[in-house]
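I have placed the structure first, in the form of structure tokens, so that the comments after it can refer back to it.
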Amino acid sequence: MAVTTRLKIGQVSKQTGAAVGALRYYESLGLVEPKRGENGYRYYLPEAIRQVKFIKKAQSLGFSLEDISEVLNVHQRGDVPCDLVQSILQEKIEKLETQIQEMQTFKEGLEQYRDSWVDFKPHPEPGDICPLVETILLDAEE
């Protein structure tokens, strides 16, 4: 009868660089599943090290814990989740492209304000905070 190595949460934390609190959070989300000993301690199988390292690497790619949960579920069913990973990554790239465009448009708008204010000599009215900002029309004010 083979003896299975069991790791305490501190050992998993040390080997993966994940904080103990993060490991507990991963457990609450079902990303890692320790077994409870009779003493109430969490005990992890050695595979948990690989799972936690995978979680951290996937997070470094911008994957949310929900994304990671989907990937791990596919893996636990015995399938290889690489197609799902590529799909999630493509969605992230497309979202970033949209955000970059939105930020570029916003930056251009700010530059227009800056440039139009260069020669503006404000004459504050009583109660004005900054006439430069107060001259801007919001969508609701148009």
Checklist entry - Name the residues in segment 122-142 that are at pLDDT below 80 and of a type in the set (Asp, Glu), would you? => result ASP139, GLU141, GLU142
Checklist entry - So GLN11 fits all but one of (1) within 25 Å of VAL74 (Cβ to Cβ); (2) in contact with a strand residue (DSSP E or B) (Cβ under 9 Å, 6 or more places away or on another chain); (3) outside any loop (DSSP other than H, G, I, E, B); what number is the exception? => result (1)
Next on the checklist: I'm trying to understand the selection: among the residues of segment 104-121, which are among the acidic types (Asp, Glu) and at pLDDT 90 or above?
Outcome noted: GLU108, GLU111, ASP115
Item to check | Which listed residue is surrounded by fewer than 16 Cβ atoms within 10 Å (Cβ to Cβ), more than 20 Å from the chain's Cα centre (by Cα) and either not hydrophobic (A, V, I, L, M, F, W, C) or not in a loop (DSSP other than H, G, I, E, B) (or both), from GLU38, GLU66 | outcome: GLU38
Checklist entry - Filtering segment 41-63 down to residues that are closer than 30 Å to LYS95 by Cβ and among the hydrophobic types (A, V, I, L, M, F, W, C), which residue is surrounded by the fewest Cβ atoms within 10 Å (Cβ to Cβ)? => result LEU61
Checklist outcome for this item: Checked segment 121-142 for anything loosely packed, with under 10 Cβ neighbours inside 10 Å and among the hydrophobic types (A, V, I, L, M, F, W, C); matches are ILE129, CYS130, ILE136, LEU137, LEU138, ALA140
Next on the checklist: Suppose we keep only residues that are among the hydrophobic types (A, V, I, L, M, F, W, C) and within 21 Å of LEU61 (Cβ to Cβ) within segment 84-119. Which one would you say is surrounded by the most Cβ atoms within 10 Å (Cβ to Cβ)?
Outcome noted: ILE88
Checklist outcome for this item: Note on segment 97-142: residues in a helix (DSSP H, G or I) and aliphatic (A, V, I, L, M) are ILE100, MET103, LEU110, LEU132, VAL133, ALA140
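The values are calculated or read from the model by the stated rules, or taken from the named source; none is laboratory data. Since the model is a prediction, treat every value here as computed from it, not as a measurement. Reconstructed Cβ throughout: ideal geometry from the backbone, glycine too, with neighbour counts over all protein chains shown.
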